[in-house]
Each structure stands twice: as C-alpha cells, then as structure tokens.
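A.B. asks: If you scroll down you'll find the structure; I have some questions about it.
The values are calculated or read from the model by the stated rules, or taken from the named source; none is laboratory data. Just so you know, these numbers come straight off a predicted model, no measurement behind them. Glycine gets a Cβ as well: all are built from the backbone with ideal geometry, and neighbour counts include every protein chain shown.
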C-alpha cells in the first residue's frame with residue numbers, strides 16, 4: 001500500500017477553495033486582531049468583508065500566527081483519518097512565526113511531521129502545496145511530494161504593486177523595501193518576494209496607477225521563463241476589475257498552462273492594503 005500523506009498549510013496560501021477540497025488540503029488559519037476582537041482568517045472573516053471594512057475602520061488590524069495547539073489538532077485529525085505522515089507548508093519564516101508553531105506541534109504529533117518553509121506567501125506558497133498534492137495524486141511517496149514542491153519554491157516569481165506603502169510599513173515586514181518610505185505619499189511601490197530568502201524586496205516604483213500595473217507586468221515577465229509552461233495567478237486586494245483585465249492580457253500574450261484570479265487573504269491584506277495587484281507563478285523545468 002502507498003504511504004498515506006496528509007497535506008497541511010496555513011491560511012495565507014490563497015489556494016482556491018475548490019482546490020482545497022479537491023486535493024484534501026487542511027488549512028490552519030492565522031488570526032486577525034481588530035480592536036478588541038479576534039477573527040480566524042477565512043473562517044470568521046472573509047476577504048471581501050475584510051477589505052470593505054479596511055477602508056472605513058479607524059482601527060488598524062494586526063495579525064497573529066496560529067498556536068502550536070492549532071497545528072497539533074490538525075495533526076491529530078490527520079492521524080484519525082488514517083494518514084501515516086504529514087507535510088506542512090508554511091508562510092516564509094522570515095515573515096511569520098507560523099513555521100515555529102508548526103514545528104513545536106510536530107514534537108507531540110502522533111505521526112511524523114515534515115515542516116517546509118515555503119520562503120513565500122499567498123500563491124507563492126499555494127503553488128508548492130498544489131505541486132505536492134498533484135504528486136500525491138499520481139501515487140508519489142513522501143520524497144516525491146517534497147521533490148515536486150522544491151523547483152516550484154526555487155523558481156517562484158511574485159511581484160506585488162501596492163497602492164500605498166502605508167500598510168506594509170505598519171506591519172514591519174518590509175525588508176529592503178524600506179527605501180520607499182521617504183516617498184510613501186508620492187509613489188506606487190512595486191515589491192517582490194525573494195524565493196531564496198523568503199523576504200520582501202523592492203523593485204521600481206511608479207507615479208501613477210496605470211504605470212504601476214504596467215511595471216508589475218513587465219517586471220514579472222522579465223523574471224519568469226516564458227518559453228516553458230507557466231502556472232500563474234493574478235492576485236488582488238478588492239481590485240477585481242483590474243485583476244480581470246490583467247489576466248486577460250496575460251492569456252492573450254502568453255497563454256500560460258494554468259491561469260486564475262484570486263483575492264488575497266485578510267492576513268496578507270493587513271500588510272498590503274486595498275487595491276494591491278500581484279502576479280505570482282512559476283515555469284515548469
């Protein structure tokens with residue numbers, strides 16, 4: 001009998017809900033702290049509700065990683081379902097303490113747990129989980145699942161155009177993007193996630209929304225291998241119309257193997273704010 005391997009990730013993954021169900025992926029939610037209330041990401045507060053409130057609420061929300069107990073409960077449920085091992089893919093450890101919670105919980109897990117630092121977030125994390133899930137579906141063992149995710153992690157290209165630096169600076173997870181702070185009110189920052197370190201980097205900013213989106217498009221396709229089959233997500237923070245236009249352009253000009261649009265989770269939206277747009281994807285080896 002092949003190994004039964006459970007796949008667990010966290011709520012920053014931005015994997016479409018139908019894929020979560022199709023591939024039997026368990027998602028452990030992070031927490032949004034807003035005033036005196038706490039909300040489980042994607043459970044107590046949807047992305048749409050979050051961005052609508054973000055534009056009007058005087059309180060600035062913060063985020064909190066899952067507790068080791070939350071991960072342990074997920075591990076116990078996996079064991080009860082008959083899984084023999086677990087792979088956990090988490091948001092970059094440079095961005096969150098989520099990985100540490102997963103590792104602490106693994107010490108008490110009833111079955112072996114392998115925790116992987118995705119060195120990314122959103123679909124930069126999600127694409128790795130999907131690659132492992134597809135390898136599992138094809139009958140792969142533990143090593144095959146881990147190996148399927150590795151090149152996806154290493155080759156991930158992820159650029160985000162922010163409408164403002166305000167939210168990222170409040171969150172404190174900006175790496176060398178701090179170079180933008182002196183002109184926060186004058187530019188539309190373009191940032192990226194560095195797949196080798198899992199940190200945030202700065203790219204060329206723009207002075208207008210139109211130029212910002214164009215810069216996002218150019219920089220993304222400058223970095224990704226367009227001569228190979230591409231898997232791409234267009235991500236947005238309550239900017240669906242612009243995301244749809246961007247996706248249509250990607251389809252017409254590059255026709256990737258996979259392409260879809262998704263809204264960004266509230267936990268990530270806390271740091272990137274409304275109207276952010278992103279391109280995230282990788283090319284097959």
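A.B. asks: Checking the condition assigned by TED's automatic domain parsing to the domain that holds residue 262 and at pLDDT 95 or above, which residue from 130, 160 passes?
C.D. replies: Going through 130, 160 in turn, just one is assigned by TED's automatic domain parsing to the domain that holds residue 262 and at pLDDT 95 or above: 160.
A.B. asks: Further question on the same structure: Give the residues of segment 239-265 that are buried (at least 19 other Cβ atoms within 10 Å of the Cβ) and under 16 Å from residue 212 (Cβ atoms), sorted by residue number.
C.D. replies: 239, 243, 246
A.B. asks: Let me ask another. Would segment 133-141 turn up any residue that is part of a helix (DSSP H, G or I) and at pLDDT below 95?
C.D. replies: Checking segment 133-141: not a single residue is part of a helix (DSSP H, G or I) and at pLDDT below 95.
A.B. asks: If you don't mind, another one. Just to be sure, is residue 252 over 25 Å from residue 51 (Cβ atoms) and modelled with pLDDT of 95 or more? Give the steps one after another, and end with the answer.
C.D. replies: Numbers: over 25 Å from residue 51 (Cβ atoms): yes; modelled with pLDDT of 95 or more: yes.
Considered against the rule, which asks whether it is over 25 Å from residue 51 (Cβ atoms) and modelled with pLDDT of 95 or more, residue 252 comes out as yes.
A.B. asks: Please work out which one of (1) free of Cβ contacts under 8 Å to residues at least 60 places away in the same chain; (2) buried (at least 18 other Cβ atoms within 10 Å of the Cβ); (3) over 15 Å from the mean Cα position of the chain (by Cα); (4) not in a helix (DSSP H, G or I) is the condition residue 105 fails and give its number.
C.D. replies: All conditions are met except number (4).
A.B. asks: Out of the strands (runs of 3 or more DSSP E) lying entirely within segment 214-285, which hold 3 or more residues that are closer than 22 Å to residue 96 by Cα and out of contact with any helix residue (DSSP H, G or I) (no Cβ under 7 Å at 6 or more places or on another chain)?
C.D. replies: Qualifying strands (runs of 3 or more DSSP E): none found.
A.B. asks: Output the qualifying pairs, or none if there are none: Cβ atoms under 7 angstrom, residues six or more apart or on different chains, first residue in segment 55-73 and in contact (Cβ under 8 Å) with a residue 24 or more places away in the chain, second residue surrounded by fewer than 20 Cβ atoms within 10 Å (Cβ to Cβ) and assigned to a helix (DSSP H, G or I).
C.D. replies: That search, which allows pairs on different chains as well, returns 60/170; 68/104.
A.B. asks: If we scan segment 183-196, do we find a residue that is at pLDDT 95 or above, in a strand (DSSP E or B) and surrounded by fewer than 17 Cβ atoms within 10 Å (Cβ to Cβ)?
C.D. replies: no
A.B. asks: Okay, next question. For segment 29-39, check the following and say yes or no: at least one residue is assigned to a loop (DSSP other than H, G, I, E, B) and out of contact with any strand residue (DSSP E or B) (no Cβ under 7 Å at 6 or more places or on another chain).
C.D. replies: Yes: one or more hits.
A.B. asks: So if I check each of 95, 99, which one is closer than 19 Å to residue 129 by Cα, in contact with a strand residue (DSSP E or B) (Cβ under 9 Å, 6 or more places away or on another chain) and assigned to a helix (DSSP H, G or I)?
C.D. replies: 99
A.B. asks: Suppose the filter is touching a strand residue (DSSP E or B) at 6+ places or on another chain (Cβ under 9 Å), free of Cβ contacts under 8 Å to residues at least 40 places away in the same chain and over 20 Å from residue 165 (Cα atoms); does residue 258 pass it?
C.D. replies: Working: touching a strand residue (DSSP E or B) at 6+ places or on another chain (Cβ under 9 Å): yes; free of Cβ contacts under 8 Å to residues at least 40 places away in the same chain: yes; over 20 Å from residue 165 (Cα atoms): yes.
Judged against the criteria, residue 258 is a match.
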